[in-house]
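The next block holds one structure in the form of structure tokens; read it before the comments.
Nothing in this text is a laboratory measurement; each read-out follows from the coordinates by a stated rule. For clarity, every value in this text was computed on a predicted model and none was experimentally measured. Every residue, glycine among them, receives a Cβ derived from its backbone with ideal geometry; neighbour counts consider all protein chains shown.
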Amino acid sequence: MLDSVDTVPGLTAPADLRRVGIHPDFWYPLAWSKELKTGKPLAVRFAGDPIVLVRPAQGDVYALEDRCAHRQVPLHNGVVAERGLRCGYHGWTYDGTGACIDVPYLGKGKLPNGVRAYPVVERAGVVFVYTGRDTENLPPAPGLEYVVDPLYKTRYFGREIACHYSFMHENLVDMNHQFLHRRLMGSIVPRYLGRRNGPNWFEIDYTFKRTAGSKPLGESVVFGSKKGGSMNNRDVMTIRTEYPNQTLQIFAGEDVPVMNLWINYVPLDRAQRSCRVFGMISIRRPKTPLLLDLAWPALVWFTEAIFREDRAIVESEQRAHDAQGSDWNQEVFPAMHDLRALLARRGVPISEAPPERYVPPCRIAMGQSCG
């Protein structure tokens with residue numbers, strides 16, 4: 001496969017990618033569906049912004065700014081009522097649009113302004129929230145087609161990680177770091193096949209060869225439908241960053257992947273020095289589906305062990321960056337330069353200052369004119 005690189009304006013990485021914030025104008029996974037219980041508000045964060053998720057007894061999940069407009073206390077400490085979410089301090093009530101619909105000690109004609117509401121989509125066991133300001137032109141939410149496909153079995157995983165989200169993008173794309181996993185993977189040699197770029201995406205292909213040692217069980221599970229159940233240099237791994245998400249697919253001589261990983265790294269704090277990983281690994285069921293079910297505990301152990309090593313190394317990268325005060329990386333892999341340029345081009349400057357106060361459409365505030 002030839003190395004194909006499209007000409008894309010701005011393919012130049014910044015001096016310090018770790019000071020580039022993730023762009024908010026996308027759908028982000030902020031919770032697993034199982035975390036959000038009916039009638040129990042759930043506090044989540046996106047780049048320092050507090051958000052509360054609510055699953056009412058009737059109707060769809062909704063998301064609000066997690067600050068009461070009255071005294072700014074967290075709404076997640078409130079009570080889910082039939083008509084909306086009641087603040088636990090004075091009982092102000094907000095509906096799913098963020099409008100304040102009741103203040104117990106005021107008349108209906110004197111209701112104050114409400115709080116910001118966020119669009120929500122719940123799909124395949126994930127609660128996605130659109131965190132941008134332009135809610136009139138929403139992009140499509142992730143489809144997660146392999147997660148919902150009955151021909152695949154999916155494992156959900158995720159952790160909070162103390163690093164800038166860009167370290168995670170780089171870690172997945174750069175398969176040259178397989179030496180880190182030598183105790184789990186044995187002697188695996190990646191071979192770079194080529195890469196492609198677009199305005200909002202980057203894609204790279206690898207193949208692998210085992211030079212020594214036996215294959216781990218996890219490899220047998222993924223490639224179990226092939227003779228020997230092991231990867232070889234005809235198998236192709238394609239890793240794609242379609243901003244802000246990533247996918248990793250393994251093709252074993254077929255048009256459909258034997259494995260599909262979908263993953264996103266949601267910044268938690270305002271400085272974006274921590275993120276929460278939301279990942280879903282979908283394995284195509286073999287002709288004897290029971291084999292995959294029997295091997296599933298071993299696959300979970302194997303992927304957790306790989307993820308644990310990756311987590312430790314990216315957190316050490318973040319600590320080194322913070323100790324140095326800037327990005328001193330001497331990157332020599334051209335594909336990594338392309339990825340870093342994409343993340344910089346699509347991101348926004350990080351501001352550690354609190355955002356401007358959200359002001360919803362004006363309502364009569366305490367009997368005063370809005371004009």
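What to note about this one:
- Segment 152-349: Rg to Rh, with Rh as the Kirkwood radius over Cα pairs: 0.96
- Computed from label points 7 Å out along Cα-Cβ, the spacing between Trp301 and His23 is 4.3 nm.
- Estimated distance in nm for a label pair at Ser351 and Asp134, the labels positioned 7 Å out from Cα along Cα-to-Cβ: 1.8 nm
- Sparse-neighbour loop sites [GluC sites (Glu not before Pro); segment 63-144; at most 12 other C-beta within 10 Å; DSSP]: Glu82, Glu136
- Per the Debye calculation on segment 41-119 with a single equal scatterer at every Cα and no solvent contribution, log₁₀ I(q)/I(0) for q = 0.28 Å⁻¹ amounts to -1.49.
- Selection from Leu292, Pro244, Asn171 lying farthest towards where the dipole of segment 152-349 points positive, charges on Cβ: Leu292
- Peptides ranked, highest mean first, by Cβ atoms within 10 Å: ranges 105-114, 340-349: 340-349, 105-114
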